[in-house]
Amino acid sequence: MDIEQQIDKFKEFLDLKHKKDIIDNLREGKHFVNVDFQELVKFDPELAEHVLENPAEAFETAELGCKSLEYFPAEEVQRFKVRFYNLPEKNKLLIRDIRSVHLNKLIVVEGVVRQKSDVRPRVLSAKFECPQCGNILTVFQKGDSFKEPTKCSCGRKGKFKLLNMDMVDSQRIVLEEIPEQLEGDAQPKRINVFLEDDLVSPMSEKKTNPGSKIRVSGILKEIPIYTRTGSKSVRFDLMIETNFVEPLAEDYSEIKINEEDELKIKELAKREDLFDILVKAVAPSIYGYENLKLALLLQQVGGVEKIRNDSSRSRGDIHVLLIGDPGAGKSQLLKRMSIVAPKAKFVSGKSASGAGLTATVVRDEFLRGWALEAGALVLANNGLCAIDELDKMDKEDRSAMHEALEQQTISISKANVQATLSAKTTVLAAANPKLGRFDPMTPIAKQIDLPPTLINRFDLIFIVRDIPAKDKDERLAEHILRIHQNPTETKAELSTEFLRKYIAYAKRRFKPKLTNAAIKKIKEFYVELRNSGSTDEDAVKPIPISARQLEALVRLSEASAKIRLSDKVTVEDAMRAIEILTTCLQEVGVDPETKKFDIDLITTGISSSQRNKIAIVRQIIDELEQSLGKVIPIEEIVERATERNIPSSQVEEIIEKLKRSGDLFEPRRGHVQKVI
């Protein structure tokens, strides 16, 4: 098939199948048309095969065919691209399987965007004028170096005047293999992908942000590698000249919901057992944990982000931390939630570093400078980041999370890169207690190897416990064994796809506001709980709940209203939020001594009753210093403290704490002295 025939065939095909699309796109200022390749196969199999085998030529003839249409304003539109999608399976390759035989062929690869350069203009052609005869010479620019005309028809050589250049926007992204496609210990491979023209428009750019999963179809090209001496190497690098980009993993804002889906969603929202149905669909293969599953459902929907007049903002994302016994299903819940969330990253303990979670600065070979490479929390922007084995991470790496959890930004200042990245990411983390199993009599801060400042940033902390109970164990064993017998049997009433659409609909369409009744209910709960502590005026009063938990209540109430597809947060939503928060506080915020809520157990690791005892011991030391001198026997301190109802074991523990904090030191065995 010669060039003229190809142009005519493409003209006929585009006029027959895509006339409306071309006219609509031109009216909107879009200089491209997307073509389903399977339609071309049905229209002319020979032409379709030519597109796969000689794509560079086929794309040009398709463009010329489009420009030759009667209704096409050829003089106004210089370039109009024909982009093909839905290519055959045989053209889909893994990045690791690309070989030299695929050069100059049309291929399809999938991957995660790891790096992205700035958009820069690239010269397609340049016009020069001969100063001797006035002749206009056009030179098409191919490759990396800018070419000038060598000779004019009048005989002149060199020194031509540059008139103008035809430029196109271009950008380079680095595509890395999707982790799910890897086998065993295989390292993910990367390939350079070049985007041009409408593929780097502001709307298209959102598809290729770092962390996005995309499918790219384009022509595989070779790039020469130069040695240090400047000569060409015998080895070549590979890159893909892109024809079409398709997002694979979207966030909730990009999930398509048709009219039929909308009707089903509205019908489901009217049901009285709405929350029961949705909770069962969250993780049908994991038995029990209804309250935790409800919290995870509310986490997926989230609260409403608020930006105030003074530019300060309060986040809408709800962060959840699971702590508990091994084998209780924490990791399974994390994995499941990373499947339910459309844009999710799963990282685990020791294998995650601070740079891997936040961002790092790497050398950019394309622009010859430094480039940012995003970590998991940035890659999961507007999605979920599931962090397993949080307690196994290094302290320095964990500290990188503080800013991301509360401010939802990540600040980088390395090399010559100073940047603040957006990380509007919901975090779901899991950790194990230090001694393997959870001890209900020991404060939570002592049991997990996490700083209280980090624990405090989680809205909800759930204790996942594995306690023997005959009836529950029978049901659990039956459930697990039935799953092993029939792996496909555990079907929820709703599919994962529909659950995702329901959450997306609720998250996108509704921004509920607190009603006065809901405000009154939350306020009553907050004030009553805050003032339910010790009545002893001299003692240090416990703080059962702080303003951070009040904000968590608001977020949970808003999420509950969203799930009901309501614009108003009612008393019912407030009660649901209070119930979840109370469950968490009962598990992690109760002082074993006083049996009362004390948020200090979570935020500082020291309860107010313990702080009160520390104050008494300090007072005893001051009294003894006046009567006995600077060096005080520990026995004397213990004796005076036991008179004030503090057990000797606790006194010794308090003295150890004061020594560690630098308030006391031991000048000789059995004696202590204050550090002045």
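The values are calculated or read from the model by the stated rules, or taken from the named source; none is laboratory data. In this text, all values refer to a predicted model and were calculated from it rather than measured experimentally. FYI the Cβ positions are ideal-geometry reconstructions off the backbone, even for glycines, and counts take in every protein chain you see.
Could you tell me which numbered condition SER532 fails, if it satisfies all but one of (1) at pLDDT 85 or above; (2) farther than 21 Å from ALA295 by Cα; (3) polar (S, T, N, Q)?
Condition not satisfied by SER532: (1).
Of all residues in region 101-122, count the ones that are touching a residue at least 60 places away in the same chain (Cβ under 8 Å), more than 29 Å from the chain's Cα centre (by Cα) and surrounded by fewer than 18 Cβ atoms within 10 Å (Cβ to Cβ).
5
Can you name every residue in region 137-160 that is touching a Lys or Arg at 6+ places or on another chain (Cβ under 6 Å) and exposed (fewer than 11 other Cβ atoms within 10 Å of the Cβ)?
Result: LYS157, single match.
Residue by residue through region 112-131, note down the ones that are in a strand (DSSP E or B) and hydrophobic (A, V, I, L, M, F, W, C). Walk me through it before giving the result.
First pass over region 112-131, keeping only residues in a strand (DSSP E or B): 112-116, 120-129.
Passing the criteria: VAL112, VAL113, VAL123, LEU124, ALA126, PHE128.
Kindly list, by first and then second residue, each pair from a residue in region 154-167 that is free of Cβ contacts under 8 Å to residues at least 12 places away in the same chain to a residue that is surrounded by 14 or more Cβ atoms within 10 Å (Cβ to Cβ), limited to pairs with Cβ atoms under 6 Å and residues at least 6 apart or on different chains.
That search, which allows pairs on different chains as well, returns nothing.
Just checking, how many residues over region 629-662 are touching a residue at least 24 places away in the same chain (Cβ under 8 Å) and either more than 13 Å from ARG618 (Cα to Cα) or part of a loop (DSSP other than H, G, I, E, B) (or both)?
Here the count works out to 7.
Looking at VAL109, is it under 24 Å from LYS207 (Cα atoms), outside any helix (DSSP H, G or I), in contact with a strand residue (DSSP E or B) (Cβ under 6 Å, 6 or more places away or on another chain) and in the same structural domain as VAL168 (by TED's automatic domain parsing)? Lay out the reasoning, then the answer.
Working: under 24 Å from LYS207 (Cα atoms): yes; outside any helix (DSSP H, G or I): yes; in contact with a strand residue (DSSP E or B) (Cβ under 6 Å, 6 or more places away or on another chain): yes; in the same structural domain as VAL168 (by TED's automatic domain parsing): yes.
Against the criterion (under 24 Å from LYS207 (Cα atoms), outside any helix (DSSP H, G or I), in contact with a strand residue (DSSP E or B) (Cβ under 6 Å, 6 or more places away or on another chain) and in the same structural domain as VAL168 (by TED's automatic domain parsing)), VAL109 qualifies.
Would region 245-253 turn up any residue that is among the hydrophobic types (A, V, I, L, M, F, W, C) and buried (at least 19 other Cβ atoms within 10 Å of the Cβ)?
Of the residues in region 245-253, the ones among the hydrophobic types (A, V, I, L, M, F, W, C) are 245, 248-249.
Pick out the ones that are also buried (at least 19 other Cβ atoms within 10 Å of the Cβ) and you get 245.
Yes, there is a match, as at least one residue in region 245-253 is among the hydrophobic types (A, V, I, L, M, F, W, C) and buried (at least 19 other Cβ atoms within 10 Å of the Cβ).
Would you point out which residue out of ILE257, ILE219, ILE240 is at pLDDT below 80 and β-branched (Val, Ile, Thr)? Write out each step before concluding.
Numbers: ILE219 fails: at pLDDT below 80; ILE240 fails: at pLDDT below 80.
After applying the criteria, what remains is ILE257.
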